[in-house]
Amino acid sequence: MVVNLPSLLAVIGIWVCVSRLSSATTIPPMVTSIGNDDSNMSEKDYCASAGNTTCGEVVEGEKASVPLYVFHSTNRYQIFEQILADDFGAMDPALPNIVAEIKKRGGHRCWHKHSTFLDHLLGVHHILRLWDQDRILGRLGLMHSAYSNSYVNLALFDPNDDDERKNMRQLIGAEAEDLVYMFCVVDRQSIVVDTLLAQGFIPEDGLDVPHLRDKDIMVHLSPETLRMLTVFTMADVADQYFGWQDRLFGGEEQTNSMLIPGDDDISQHESTALWPGISQPGLWMNYVSKLGLVAKTFPLDHATDNTNNSYYGNIPPVFDNCTKTLSREDEFMARELYWSVVTNSIEDCKVIEALENSIRYNPWTFEPYVMLAQKYLHANENEKAKVAAERALDLQMMWGTAYDKRLSFPAWVAWTRVLYQRANESLGWPKNSWDINNFGMVR
């Protein structure tokens, strides 16, 4: 379905001004367990059903700096903290050398969407590891465009040079290098968007696709490889996509998108869109939620020569373990309500209502919860603020990246922890702005 976004925006403008919710209305209930198709399934049971033998015990409040009421595994919590600390060696002993080689080849100087190429590569790696994907897939994420690919011309290594491929293997291992090379010689847009997303499933026999640089050569992608490509693409898009791309490919109407299957309508491109624009969140969650459903069509017990099924990773925890989808219309409505708050476009008395309704349209982003926690603290509603901050922290641990990319992900986490502490300890909200300016330490 094609969304007429300006028309929806007009509806929002009217609706926010005139709608009044019942005073009993609250934000959606918190997720208190993780399950496959059973909402009462604990993470321990979920991990076992997914073939994950590395899940640790549930992280309770006393083991974390803040309570984590979604049942995150010990492993996920540890990786989350390692990401925030830039503790590369703890995540993967090979990571410091890989990052050093990327810098040596200029990856930190290359532009990439809202950051540098190095920042993007690290971001994809971190998301995949937070989603319980193993080190091999993490290294794939870290080097996924290092040979250049169908999306970007950023070849840090020459795929046609045997010595270069040997160097890559020494850095990341032969299995990871094979995947990096394969993902760089196929048309990922055609495979992921126009085939897998369009048909909604991973074919049991895999796909045979043309080599990107030699159409006479066919590349076979097994079902296992297609599943990895799907999960990797979810992380890839989540890290890099923001509102500038919506404007670049869809212009003011934003009905065309690089993330919608079908023919790309070049007439709607706005190639003169100024970067970074207003840096509004991009409309990518609908796409990622649908890819999650595609990933789930490949069962982890699928017959394969590789008996270590955990190699293919677990289902990402986002969207209730990829069991739910978000419509593009609902994502748009939620974003516009959130944006009306952060740009001070609505009356202060309507801010809480707008945030609550933004969450109803899209409960999968943490930023509205962060804003809501602040507003509740301003009103001395400590318990409500605590609940909102908890949910924000849960979602942060699921995503590993921000929807609103105007600030870094660690900055969002640090501020959310400040809010949680103030709510949990009933510290109130300062009247003196110098006190707010001095916020920092979180116990």
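Just so it is clear, none of the values below were taken in a lab; they were calculated from the coordinates. Keep in mind the model is a prediction, meaning the values are calculated, not measured. Neighbour counts run over all protein chains shown; Cβ positions are idealised from the backbone, glycine included.
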Q) Within region 398-434, what residues put their amide N at less than 16 Å from the label point 7 Å along the Cα-to-Cβ vector of Glu81? A) 414, 417
Q. How large is log10 I(q)/I(0) at q = 0.15, 0.24 Å⁻¹ when the Debye formula is applied to the Cα atoms of region 154-197, each weighted equally and without solvent?
A. -0.44, -0.81
Q) By how many nm would the segment from Thr116 to Thr255 grow when fully extended, if each residue of separation counts as 0.36 nm and the alpha-carbon distance is taken off? A) 47.2 nm
Q: Go through region 239-246 residue by residue and turn each phi into a ³J(HN,Hα) via Karplus (6.51, -1.76, 1.60, θ = phi - 60°); whole Hz please, and just put x for glycine and proline.
A: 6, 9, 7, 8, x, 4, 5, 4
**Q.** For Val219, residues with placed amide H under 5 Å, excluding near neighbours
**A.** Val209, His211
Q: Determine, for Asp158, Asp205, the number of other Cβ atoms within 10 Å of each Cβ, and report the residues in order from fewest to most.
A: Asp205, Asp158
Q) Order of Cys322, Cys110 from fewest to most other C-beta atoms within 10 Å? A) Cys110, Cys322
Q) How far apart, in nm, are the 7 Å Cα→Cβ label points at Asn160 and Asp205? A) 3.4
Q) Which whole-Hz ³J(HN,Hα) couplings does region 390-405 yield from phi under the Karplus relation 6.51 cos²θ - 1.76 cosθ + 1.60, θ = phi - 60°, glycine and proline marked x? A) 4, 5, 4, 5, 4, 5, 4, 6, 7, 8, x, 7, 9, 7, 8, 8
Q) What pairs in Lys375/Lys405; Lys384/Lys405; Lys113/Lys290; Lys350/Lys405; Lys103/Lys386 have C-alpha atoms more than 30 Å from each other? A) Lys103/Lys386
(Q) Using each residue's phi in region 275-286, evaluate 6.51 cos²θ - 1.76 cosθ + 1.60 at θ = phi - 60° and report the 3J(HN,Hα) Karplus result to the nearest Hz, with x for Gly and Pro. (A) 8, x, x, 8, 6, 5, x, x, 8, 10, 5, 4
Q. Between Thr74 and Ser433, what is the label-to-label distance in nm when each label sits 7 Å out along the Cα-to-Cβ direction?
A. 4.7
**Q.** Net lengthening on full extension, Arg169/Ala414 (0.36 nm per residue, minus Cα-Cα)
**A.** 84.5 nm
Q) How long is the gain from Asp194 to Asp214 if the chain were fully straight, where each residue apart is worth 0.36 nm and the alpha carbon distance is subtracted? A) 5.2 nm
Q: Return Thr297, Thr230, Thr401, Thr343 ranked ascending by Cβ neighbour count within 10 Å, so the fewest neighbours appear first.
A: Thr343, Thr297, Thr401, Thr230
